[in-house]
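Asker: Structure in structure tokens, see below.
The values are calculated or read from the model by the stated rules, or taken from the named source; none is laboratory data. On a predicted model such as this, the values are computed, not experimentally measured, just so you know. Virtual Cβ from ideal backbone geometry, glycine too; neighbours counted across all protein chains shown. With ligands, DNA and RNA removed, areas are computed over all heavy atoms of the protein, side chains included. Shrake-Rupley method; radii C 1.70, N 1.55, O 1.52, S 1.80 Å.
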Amino acid sequence: TSPVQVAQWGVFVTTPAVAKESALVDVGITLENKTAARVEPQVGVKIFAADENGRPAGEAVAASEARKLRVEPARQASISHTVSVASPKLWGLTERHRYVAETTISLDGEVVDRVLTPFGIRTIEHTADHGFLLNGERVQLYGVCNHHDLGALGAAINTPALVRQLGLLREMGCDAIRTA
């Protein structure tokens, strides 16, 4: 990547307001300048519907105006973009609609970094009276405490065995796991 780049784990997406008509998507971005000079890159964000691999599918459903951000030498700086997605398709337990935020960093008109961040638009809430609510609907969680070992296979991670174990738990109706 370029010396002027999105920092590791430098994109954070939230959906602070969700309604049937529109959803606000807030994209927080942290840039890193690994050069010895101050830079002022342009930072832009586009929102796409995501394909099954979390990649952009089709035309952007929302975009922000690219804005300049001053980043001092050998420092980080942050900026936030808020965009509105019209008629959002919500992520849920049965229909897992996803979107992807494309963050683009440009210097002197040339793209120097591009980061894709998949996310879902949904609301979550927990109340004393109704328990867990996903998109305003109560969801009964059925969970287990699933500790780190795989029985006779030991504590080392064995991916096929773990996938099998998770599949068996899902068949039993488990939809929440606490690990140790």
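Asker: Check ALA62, ALA66, ALA86 and return the single one that is within 21 Å of the chain's Cα centre (by Cα) and open to solvent by less than 30 Å² (accessible area, probe 1.4 Å).
Answerer: Within the list ALA62, ALA66, ALA86, the selection yields ALA62.
Asker: What strands (runs of 3 or more DSSP E), lying completely within region 1-80, carry at least 2 residues that are more than 30 Å from ARG96 (Cα to Cα)?
Answerer: Fully inside region 1-80 and qualifying: 4-18, 22-33.
Asker: Give me the residue from region 145-169 that is surrounded by 11 or more Cβ atoms within 10 Å (Cβ to Cβ), out of contact with any strand residue (DSSP E or B) (no Cβ under 9 Å at 6 or more places or on another chain) and in a helix (DSSP H, G or I) and, out of that set, modelled with the lowest pLDDT.
Answerer: Once the filter is applied, the top-ranked residue is LEU153.
Asker: Does region 119-142 include one or more residues that are within 30 Å of GLU40 (Cβ to Cβ) and not basic (Lys, Arg)?
Answerer: Yes.
Asker: Then there is this: Could you check region 111-144 and list, in sequence order, the residues that are assigned to a strand (DSSP E or B) and more than 18 Å from ASP175 (Cβ to Cβ)?
Answerer: Of everything in region 111-144, those that are assigned to a strand (DSSP E or B) and more than 18 Å from ASP175 (Cβ to Cβ) turn out to be VAL111, VAL112, ASP113, ARG114, VAL115, LEU116, THR117, PRO118, PHE119, THR127.
Asker: Inside region 102-144, can you point out the residues that are over 18 Å from the mean Cα position of the chain (by Cα), over 30 Å from PRO3 (Cα atoms) and open to solvent by less than 80 Å² (accessible area, probe 1.4 Å)?
Answerer: Residues satisfying the conditions are THR127, GLY131, PHE132, LEU133, GLY136, VAL139, GLY143, VAL144.
Asker: Now for a separate question. Which count do you get for residues in region 38-81 that are under 25 Å from LYS20 (Cα atoms) and touching a residue at least 60 places away in the same chain (Cβ under 8 Å)?
Answerer: So the count comes out to 4.
Asker: Do we find a residue being free of Cβ contacts under 8 Å to residues at least 12 places away in the same chain and under 30 Å from LEU31 (Cβ atoms) anywhere in region 159-180?
Answerer: Within region 159-180, not a single residue is free of Cβ contacts under 8 Å to residues at least 12 places away in the same chain and under 30 Å from LEU31 (Cβ atoms).
Asker: Could we say that THR94 is of a type outside the set (Asp, Glu), within 26 Å of ASP175 (Cα to Cα) and either outside any strand (DSSP E or B) or open to solvent by 40 Å² or more (accessible area, probe 1.4 Å) (or both) here?
Answerer: yes
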